[in-house]
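Comments concern the structure below.
We did not get these values from a lab; they are worked out from the coordinates using the rules stated. As the structure is a computational prediction, the values presented were derived from the model and not from experiment. So basically every Cβ, Gly included, is an ideal-geometry build from the backbone, and we count neighbours across all protein chains shown.
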Amino acid sequence: KAGVTQTPRYLIKTRGQQVTLSCSPISGHRSVSWYQQTPGQGLQFLFEYFSETQRNKGNFPGRFSGRQFSNSRSEMNVSTLELGDSALYLCASSLPRTSGGSYNEQFFGPGTRLTVL
Amino acid sequence: AQSVTQPDIHITVSEGASLELRCNYSYGATPYLFWYVQSPGQGLQLLLKYFSGDTLVQGIKGFEAEFKRSQSSFNLRKPSVHWSDAAEYFCAVAPTGTASKLTFGTGTRLQVTL
C-alpha cells in the first residue's frame, strides 16, 4: 500500500508570493493533518481536515489555509510568504475511528521543503 | 495547554549499549502518547503508541516505552542500540478523544558510535 505522498518535495519562493502544497493520503485514510517543522519552533500543528471539513486548527495566522477534496487529498496554501515561513511542511493521514471507538495513529509523508528568499 | 518536554537535546551511545530517551508531558488527563523517529531528510515514522491499557508498550525496531502516570512520563527504551538507530526522536501527545492534533517535544538527536 502506498504511503502518504507530498508534492512538490522542494520549493523555492520569494517573499510576498503564495504557495500551494499538496498531500495525498494513504488509501482509505480520511483524516489529513498538516504540520510545520522549523529549527526554531520545532514541529507545530497547523490544521486537520476530515471529510472535507476543517476539524482542528493550530495557532497560525490566517495566511495559512487548507482544504480537502472528496477523494481525501488535501492542499495547504500560504499567502504573502514571509522569510519565517521557510520550513519543512509535513502531512499526515489516519484512518477514521474504529467502530469500537478507538483512534488510529497518524502516518506521515516525507514533507515539502519550502524555502522563502 | 498540553506540552511535552524532552530534556535531552543530544545523546551519544555506543553500538550495543542500552538506550533510554526521556519524555515528560503536561496534560490535565491521560493523553494519547507517541514516539516518532525522523531520519535526515525524511518524514516521521511511528515507533509506538499508548492509548490505554498495559503501560509497557512494545514498538517496532525493538523499541519499548513505559507510561508512568505518577511521573507524567513516557520514556523510550531499547536494550541494544544499532548504528542504524541514529536519528532524531520525537515524543508527542494528542488530547484524549483524538489521535490527531499532535503536540511534539523538541526532539532528541541520537548519535551511535561504533
Checklist entry - Using Cα pairs under 8 angstrom and six or more residues apart, how large is the relative contact order of segment A:1-58, in percent? => result 24 percent
Checklist entry - What does the charge dipole of segment A:1-61 about its Cα centre add up to, to the nearest 20 debye, if the Cβ of each Lys and Arg holds +1 and the Cβ of each Asp and Glu holds -1? => result 100 debye
Item to check | Number of partner chain Cβ atoms within 10 Å, mean per residue of B:36-46 | outcome: 5
Checklist entry - To the nearest 20 debye, what charge dipole does the protein assembly as shown have about its Cα centre, counting +1 at the Cβ of each Lys and Arg and -1 at the Cβ of each Asp and Glu? => result 500 debye
Item to check | Relative contact order [Cα under 8 Å, 6+ residues apart], segment B:1-63, whole percent | outcome: 24 percent
Checklist entry - Of A:S70, A:S65, how do they rank once you tally other Cβ atoms within 10 Å and put the fewest first? => result A:S70, A:S65
Item to check | B:A29 versus A:R15: modelled label distance in nm, points set 7 Å from Cα along the beta carbon direction | outcome: 4.5 nm
Item to check | All-pairs alpha carbon distance profile, segment B:1-97, 10 Å steps from 0, percent | outcome: 15, 51, 28, 5
Checklist entry - If you rank A:L83, B:L102 by fewest surrounding Cβ atoms within 10 Å, what's the result? => result A:L83, B:L102
Item to check | Cα convex hull volume per residue for chain A (Å³) | outcome: 100 Å³
Checklist outcome for this item: Ranking B:L33, A:G40, A:S74 by how far each Cα lies towards the positive end of the charge dipole of the protein assembly as shown (+1 on Lys and Arg Cβ, -1 on Asp and Glu Cβ), the top one is A:S74
Item to check | Dipole of chain B, positive end: most advanced residue of B:S73, B:F63, B:S18 [Cβ charges, Cα centre] | outcome: B:S73
